[in-house]
Amino acid sequence: MDFIIRGALQAVKALYNTELNESDINLQETRKEFEGEATIVTFPLTRYSKKSPEQTGNEIGEYIKENFDQVGGFNVIKGFLNLSFTDSYLLSTFRNEIQNEQFGIFPSVGKKVMVEYSSPNTNKPLHLGHIRNNLLGYSVSEILAASGYDVVKANLVNDRGIHICKSMLAWQKFGKGETPESSGLKGDHLVGKYYVIFDKEYKKQIEELKASGETEEDAKKNAPLIKEAQQMLQKWEAGDEEVINLWKTMNGWVYAGFDITYNKLGVSFDKYYYESNTYLLGKDIIDEGLAKGVFVKKDDNSVWIDLTADGLDEKLVLRGDGTSVYITQDLGTAQLKYNDFKMDQSIYVVGNEQDYHFKVLFLILDKLGKAWAKGMYHLSYGMVDLPSGKMKSREGTVVDADDLIEEMVDTARKRTEELGKVEGFSEEEKKNLYRMIGLGALKYFLLKVEPKKRLLFDPNESIDFQGNTGPFIQYTHARICSVISKGGETDHSFDKIQDLSATERELILALSRYPATVEAAAKEYSPAQIANYSYDLAKLYNKFYHEEPILKAEDEDVRNFRLSLSASTATVIRKSMNLLGIEVPERM
RNA sequence: GCACCCAUAGCUCAGCUGGAUAGAGCAACGGUUUUCUAAACCGUCGGUCACUGGUUCGAAUCCAGUUGGGUGUACCA
């Protein structure tokens, strides 16, 4: 469709003797209620034509129609010039572009990008918020890979710290040697159970201390359990063998549990970083910053950066006692990642409560003169809220990832059985189908919303399987596969086709938009754009399916053409759903 | 207090760099199957795009302010 812009530029030059840039031409898709496919808005051009918008539209329309045989006609309504493509142009687009093996496949851009996502704490199982994170990270990775980037998917595991010690301590005190094997509990759930127990017992102690006259603040500090946890952390940092062994054991349980969940979600990683290895990093960067005068040392030896000139605050980057804070290790880890991969871009998929942190992090790296800091991006996403408000692990008001996945698959099974759609399926095929549909519904539900918007999830209302949903799109794919398999062997040649129906035209246009959609989604790190595109395409196909006979078409070429159109639609649906990490079945 | 994000139909969401009468799905109501999968299709109903002002030929979109909601502002991570 690029030729339209060229055509408009040529027209303006020929008619009004003015050289314009591509960005001066306002091109959009023609709205459904008007005739045509492409619309040029002529209001801005009247200052060059010195004529009314209508007259300008007519003149440019006439010029384009005369000089570009892709355009068969036009109409002008107010300041809108609507151009209609010829059927032969659309057919050649279909044949030469859409049916091409390389359609929607981008050549390598020769750039490497790291996408860090998931980054869980190893003291509790994953919940719905993590699912959103994982799906976003995975999908963005796929979209970037499809756009020609070399993608490294990274997971920075938060495997140390006081919160981990809390679970360890509670297990030591109350666990009676319970293991995943002895209890039958998934490892991450078992550890999470002790994290909750710690919190319960800790709160008890706080209440007791308050009853004996301490203030809440003191009680929180003085409760024996928290002190023990702190001691345990110190022992861990000192390399105490017993603590380290316990830590290794319990983290091992958690990793085994996470692997199962990741597997079910279909996400994966190329590189794992562990905070236990990175938490001491960053001190050399502090020295570097001091030497460069970017950081300043205060009297108590703490190190700061003054960001007030950038509208931010003064920020501590190293404690007075020389130990790290969060941002210290993040600075160090950023450098480590860069040393490891020399990537051009680095994307952090992290919730929006850390917006400020990343703003500061990137700014500091930039001030330190790290050229690669320019390629850093925080893909910030909104929290997943319940109708009751925020999810809180410690209070058990979380939607557990494993539970939710299981429920979704189970709902898929029920729905499918109600519809009686699985005759001829083996048990194995059924299981796989329910998994695909359940996860498809869940993934689509989470990914169709723009990342930065917060998301409301009501556990009492099951995620839909009809309308703008994953299963709808999956169904469309299965439906196409069914038609094609019934179509039997065919050479799919349709040389005699010359005329297209309105819906066929729309479908070709929709298909032709796929590459640009992938590009836009990559540019904005937005799986939602892919989701919306897939839905529009599926909807359009269903309309086509109802309106036009395919196998029953009387003419051989028409039948072949419609089959080809169907096949291409199925391919594009499959590709775009795969970009969301969603599989599509051939039967459902 | 200050900073950042959000506000579109009863509900969940689209709406590209400003462009035509703001679009989908769900819910509600009605229709479509002797015909390729009805998880579908077609139709009806539903809106002061939070509010006010500004810029513009033109604003849901840009700017300022107001209201409401969220998050952050720790020598926590």
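The values are calculated or read from the model by the stated rules, or taken from the named source; none is laboratory data. For clarity, every value in this text was computed on a predicted model and none was experimentally measured. We place every Cβ from the backbone using ideal geometry, glycine too, and count neighbours over all the protein chains shown. To get the accessible areas, we keep the full protein, side chains included, count just its heavy atoms, and leave off ligands, DNA and RNA. Shrake-Rupley method; radii C 1.70, N 1.55, O 1.52, S 1.80 Å.
A few points about this structure:
- Between the Cα long axis of helix A:2-16 and the first principal axis of chain A there is an angle of about 60°, rounded to the nearest 10.
- Note on A:Ala256/A:Lys203: beta-carbon distance plugged into 1/(1 + (r/R0)^6) with R0 of 25 Å gives a FRET efficiency of 0.25.
- Separation of the stretch A:10-63 from the stretch A:204-266 is 67 Å, based on Cα centroids.
- Look at the alpha carbon pairs under 8 Å that are at least 6 residues apart: their mean separation over the length of chain A gives a relative contact order of 14 percent.
- Nearest-10 value in Å² for the accessible area of A:Asp403, using the 1.4 Å probe: 80 Å²
- Site pair A:Ser268 and A:Ile105 shows an inter-label distance of 1.9 nm when each label is modelled 7 Å from Cα along Cα→Cβ.
- Ligands, DNA and RNA aside, A:Glu54 has an accessible area near 80 Å² when probed at 1.4 Å.
- Pairwise centroid distance, computed over Cα atoms, of the stretch A:155-195 with the stretch A:76-127, Å: 44 Å
- The stretch A:161-268: proportion of alpha-carbon pairs further apart than 16 angstrom, %: 61 percent
- Cα gyration tensor category, rounded, prolate or oblate, for the stretch A:548-588 with a/c compared to 1.5: prolate
- The helix-only estimate of mean residue ellipticity at 222 nm for chain A, built from DSSP H runs of length n ≥ 4 each weighted as -39500 (n - 2.57), is -17500 deg cm²/dmol after division by the residue total.
- Counting only protein chain heavy atoms and rolling a 1.4 Å probe, the accessible areas of A:Glu59, A:Glu181 rank, largest first, as A:Glu181, A:Glu59.
- Overall form of chain A per C-alpha gyration tensor (a/c, 1.5; a/b vs b/c): oblate
- Computed label-point distance, nm, for sites A:Glu429 and A:Tyr326 using a 7 Å Cα→Cβ extension: 5.1 nm
- Taking the charge dipole of chain A about its Cα centre, with +1 at Lys and Arg Cβ atoms and -1 at Asp and Glu Cβ atoms, the residue from A:Gln99, A:Ser534, A:Gly73 reaching farthest to the positive side is A:Ser534.
- Probe 1.4 Å, protein heavy atoms only - accessible area per residue of the stretch A:407-579 in square angstrom: 48 Å²
- Local charge for A:Gly36 was computed over the other residues whose Cβ lies under 13 Å away, with Lys and Arg +1 and Asp and Glu -1, and equals -1.
- Protein-only accessible surface order, largest first, of A:Ser512, A:Ser566 at 1.4 Å: A:Ser512, A:Ser566
- Cβ-derived FRET efficiency at R0 30 Å, A:Lys173 paired with A:Ala211, nearest 0.05: 0.85
- Element breakdown for chain A at a 1.4 angstrom probe: carbon and sulfur atoms account for 47% of the accessible area.
- Sites A:Leu419 and A:Gln55, calculated FRET efficiency, Cβ-Cβ separation with R0 51 Å, nearest 0.05: 0.35
- Packing order of peptides A:30-39, A:197-206, highest average first: A:197-206, A:30-39 (average count of other Cβ atoms within 10 Å over each peptide's residues).
- Overall form of the stretch A:407-579 per C-alpha gyration tensor (a/c, 1.5; a/b vs b/c): oblate
- Largest-first ordering by accessible area, 1.4 Å probe, given options A:Glu504, A:Glu142, A:Glu428: A:Glu428, A:Glu142, A:Glu504
- Taking all protein chains as shown and a probe of 1.4 angstrom, A:Glu62 keeps an accessible surface of around 80 Å².
- Degrees, to the nearest 10: A:241-265 long Cα axis against longest axis of chain A: 20 degrees
- Based on alpha-carbon atoms, the Kirkwood radius and the radius of gyration of the stretch A:138-186 give Rg/Rh equal to 1.32.
- Cα-based helix-to-principal-axis angle, A:502-512 vs chain A, degrees rounded to 10: 50 degrees
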